[in-house]
Amino acid sequence: MKSKGEAHHALFNFFHDVGIPNIIHSNNAKEFTHGEFKRKCQKHLIKQTIIEPKSQWQNHAEKAIGIIKRIAVRIMHKSNTPICLWDYAYDYATHIQSLTVTKQFLLKDRTPFEHVKGYTPDILEFLMLKWYEWCWFYEQDDMQRKHLGRWLGPAHSAGQGLS
């Protein structure tokens with residue numbers, strides 16, 4: 001997203017990837033409580049609740065964001081990843097976290113991915129290469145010549161297979 005005002009696009013992507021939720025619990029930011037985001041929630045009969053001001057502990061996403069940040073910082077430090085790739089590291093960390101079983105009672109010994117999607121995820125793409133490991137790749141328009149690059153995690157929205 002280029003701005004917070006584009007939050008409704010993320011909501012649409014969530015609808016497409018996961019489905020329409022019954023309820024959304026968020027902070028009182030205008031991008032969630034006004035405009036296109038609110039209209040989409042009303043259109044799809046999604047109940048919206050908000051946390052009390054200055055009460056971040058009421059938003060369970062805050063703790064999850066802290067966990068993701070620690071994972072991303074750890075993998076970047078261990079692999080000497082340049083800071084300019086922080087967003088890729090955070091994306092990679094969210095994938096790892098969603099594919100990891102936790103002690104969360106409501107998940108019943110399943111991964112968050114499996115709980116939401118309803119099927120066991122394929123983790124092969126995370127086993128073949130490590131974060132920021134050297135790898136060979138081909139350009140789509142030149143499949144004859146290999147290029148050397150670094151692996152920044154799977155590209156689920158581009159290409160096919162292990163792209």
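The values are calculated or read from the model by the stated rules, or taken from the named source; none is laboratory data. None of these values were measured; they are calculated from a predicted model. When we count neighbours, we look across all protein chains shown, and the Cβ atoms used for this are built from the backbone with ideal geometry, even at glycine.
Overview of results
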{"read-out": "Tally of residues being surrounded by 13 or more Cβ atoms within 10 Å (Cβ to Cβ), over 23 Å from ALA61 (Cα atoms) and in contact with an Asp or Glu (Cβ under 8 Å, 6 or more places away or on another chain) across the range 109-151", "value": "2"}
{"read-out": "Any hit, the range 18-34, residues being touching a residue at least 24 places away in the same chain (Cβ under 8 Å), within 25 Å of PRO154 (Cβ to Cβ) and exposed (fewer than 13 other Cβ atoms within 10 Å of the Cβ)", "value": "yes"}
{"read-out": "Yes/no for ARG74 being at pLDDT 95 or above, out of contact with any helix residue (DSSP H, G or I) (no Cβ under 8 Å at 6 or more places or on another chain) and surrounded by 12 or more Cβ atoms within 10 Å (Cβ to Cβ)", "value": "yes"}
{"read-out": "Qualifying positions in the range 44-71 - out of contact with any strand residue (DSSP E or B) (no Cβ under 7 Å at 6 or more places or on another chain), closer than 19 Å to ILE23 by Cα and at pLDDT 90 or above", "value": "HIS44, LEU45"}
{"read-out": "Matching option when the condition is closer than 24 Å to LEU99 by Cβ and β-branched (Val, Ile, Thr), among ILE65, ILE51, ILE46", "value": "ILE65"}
{"read-out": "When residues of the range 44-60 are limited to those that are within 21 Å of the chain's Cα centre (by Cα) and within 17 Å of LYS30 (Cα to Cα), the one surrounded by the fewest Cβ atoms within 10 Å (Cβ to Cβ)", "value": "GLN56"}
